[in-house]
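J.: Below: one structure in structure tokens.
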Amino acid sequence: VKDAANLERVYTVELTQQPALKSLAVYTQAQNIAALTPNFKSATLEYSVVVPSEDSTFTVAPSMYQSTGDVQEITVGGIVSDPQTNSGNVTLELPDEDQFTVPIVAKDTTGEATTETTYQLHVTKSYPIKFQTEPAFAVVSVINSEGTSMNAVNGVYTLPAGAYTYEV
């Protein structure tokens, strides 16, 4: 590059890639996939997921893009994700709270330099609700606090913790 005096200048630029997750999945205790909202993209740092309240554990399955760092590590809620154990999956206890957040940290260390990216997984417990109506053919509508009508599956509503109204 030439400067204002037409002298040639040489600059060295060092680019460091921020560590990032390649994939992220959450499984219920029965090993059913729990849908992430929004769908996973490595540049998105916050996700929500709903897990059944009757479960005592859930599993987080992260993987990280490979980089040139000396040491790469993922932690889920402070627990190291070891690819040699359970394919890197981390099983966590489901706490008493209806809503909680689990930090997922992708870390890359080269020499003395450490870079990390933190993802936030917002977890909400769901509760199954079934209505017994009289007469049996009565129609029930359940509406969340935003005014969205909720759907029943086989007559059972599985609702995240929150405020709801219902009409018969």
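The values are calculated or read from the model by the stated rules, or taken from the named source; none is laboratory data. Since the structure is predicted, the reported quantities are computational estimates derived from the model, not experimental observations. Cβ atoms come from the backbone with ideal geometry, glycine included; neighbour counts cover every protein chain shown. Accessible surface areas use protein heavy atoms only, side chains included; no ligands, DNA or RNA. Shrake-Rupley method; radii C 1.70, N 1.55, O 1.52, S 1.80 Å.
J.: If I ask for residues that are in contact with a strand residue (DSSP E or B) (Cβ under 9 Å, 6 or more places away or on another chain) and either modelled with pLDDT of 90 or more or in a loop (DSSP other than H, G, I, E, B) (or both), which ones from segment 128-140 would you list?
T.: Of everything in segment 128-140, those that are in contact with a strand residue (DSSP E or B) (Cβ under 9 Å, 6 or more places away or on another chain) and either modelled with pLDDT of 90 or more or in a loop (DSSP other than H, G, I, E, B) (or both) turn out to be PHE131, VAL139, VAL140.
J.: Do you know which residues across segment 1-59 are assigned to a loop (DSSP other than H, G, I, E, B), β-branched (Val, Ile, Thr) and closer than 26 Å to LEU94 by Cβ?
T.: Within segment 1-59, THR28, THR44 meet the criteria.
J.: Among residues belonging to segment 84-97 that are closer than 17 Å to TYR27 by Cβ and open to solvent by 80 Å² or more (accessible area, probe 1.4 Å), point out the one that is modelled with the lowest pLDDT.
T.: ASN86
The rows are residues; the columns are (1) closer than 26 Å to THR110 by Cα; (2) open to solvent by 90 Å² or more (accessible area, probe 1.4 Å).
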position: VAL10; (1), (2): yes, yes
position: ALA20; (1), (2): yes, no
position: SER23; (1), (2): yes, no
position: VAL26; (1), (2): no, no
position: ALA35; (1), (2): no, no
position: THR59; (1), (2): no, no
position: GLN66; (1), (2): yes, yes
position: ASP70; (1), (2): yes, yes
position: GLY77; (1), (2): yes, no
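J.: Where residues in segment 132-168 are open to solvent by 60 Å² or more (accessible area, probe 1.4 Å) and either of a type in the set (S, T, N, Q) or in contact with a Pro (Cβ under 8 Å, 6 or more places away or on another chain) (or both), which of them is nearest to GLU97 (Cα to Cα)?
T.: Per the criteria, the residue is THR158.
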